[in-house]
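What follows is one structure encoded as structure tokens, with my remarks underneath.
The values are calculated or read from the model by the stated rules, or taken from the named source; none is laboratory data. If you're wondering where the values come from, they're calculated on a predicted model, not measured in any experiment. Cβ placement follows ideal geometry from the backbone for every residue including glycine, while neighbour counts extend to all protein chains displayed. These area figures cover heavy atoms from the full protein model, side chains too; ligands, DNA and RNA do not enter into them. Shrake-Rupley method; radii C 1.70, N 1.55, O 1.52, S 1.80 Å.
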Amino acid sequence: MWLSPALLLLILPGYSIAAKITGPTTVNGSERGSLTVQCAYGSGWETYLKWWCQGADWNYCNILVKTNGSEQEVKKNRVSIRDNQKNHMFTVTMENLKRDDADSYWCGTERPGIDLGVKVQVTINPGTQTAVPEWTTTTASLDFTAAATQKTSSPLTRSPLKSTHFLFLFLLELPLLLSMLGTVLWVNRPQRRS
């Protein structure tokens with residue numbers, strides 16, 4: 001089939017593996033205390049970087065801490081992250097909590113093209129109450145823009161318009177695919193007989 005090489009070109013940037021990430025939708029912590037968030041990811045993403053990002057808007061959230069591809073704990077200011085690659089889970093700990101730490105956060109996995117993440121709402125209480133987390137799941141399937149994700153609560157992938165793969169797709173891959181299609185149609189055109 002002549003389209004196979006063209007379709008392979010669309011898959012190259014890393015969308016051949018389906019990915020999944022889960023995490024709590026809400027977590028409560030106490031002022032001056034600490035809280036721990038555990039996020040799980042699918043098989044095949046063990047050595048990819050995991051991150052914890054603050055901000056309601058996924059496209060502009062501030063990455064507070066990121067793993068280095070190993071299981072070693074990484075700490076930055078009052079936030080630490082550790083990846084347990086055997087159990088496909090990473091743990092984020094926020095210490096010495098302040099009231100202004102209450103915000104929307106994102107557990108995420110860095111991957112080629114568009115990252116995968118799940119939103120976590122953090123609330124800070126003056127007391128010692130800790131809530132049982134509610135869980136949410138997102139699944140990204142094979143899709144050259146990776147924009148098709150199943151969501152249970154909120155947007156879980158970054159805007160494809162801001163992704164480098166999206167730009168690569170429309171500035172290089174799409175014209176290449178169209179020129180290949182034109183060439184095949186031109187070569188297979190009916191010939192005139194004299």
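Being free of Cβ contacts under 8 Å to residues at least 60 places away in the same chain and within 16 Å of G55 (Cα to Cα) is the filter here, so list the residues in region 82-106 that pass it. It would help to see each step written out before you state the result.
Residues of region 82-106 that are free of Cβ contacts under 8 Å to residues at least 60 places away in the same chain, as a first pass: 82-93, 100, 102-104, 106.
Those that are free of Cβ contacts under 8 Å to residues at least 60 places away in the same chain and within 16 Å of G55 (Cα to Cα): V92, D100, A102, D103, S104, W106.
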Scan region 42-53 and report the pairs whose first residue is closer than 17 Å to V92 by Cα and in contact (Cβ under 8 Å) with a residue 24 or more places away in the chain and whose second residue is open to solvent by 20 Å² or more (accessible area, probe 1.4 Å) and among the polar types (S, T, N, Q), with Cβ atoms within less than 7 Å and a gap of 6+ or a chain change. E46/Q85; C53/N62
Could you run through region 50-64 and say how many residues are part of a strand (DSSP E or B) and either out of contact with any strand residue (DSSP E or B) (no Cβ under 6 Å at 6 or more places or on another chain) or under 18 Å from T123 (Cα atoms) (or both)? 5
Which listed residue, of G29, G33, is in a strand (DSSP E or B), touching a residue at least 60 places away in the same chain (Cβ under 8 Å) and out of contact with any helix residue (DSSP H, G or I) (no Cβ under 7 Å at 6 or more places or on another chain): G29
Considering only residues of region 4-39 that are surrounded by 15 or more Cβ atoms within 10 Å (Cβ to Cβ) and modelled with pLDDT under 55, which is nearest to L64 (Cα to Cα)? A19
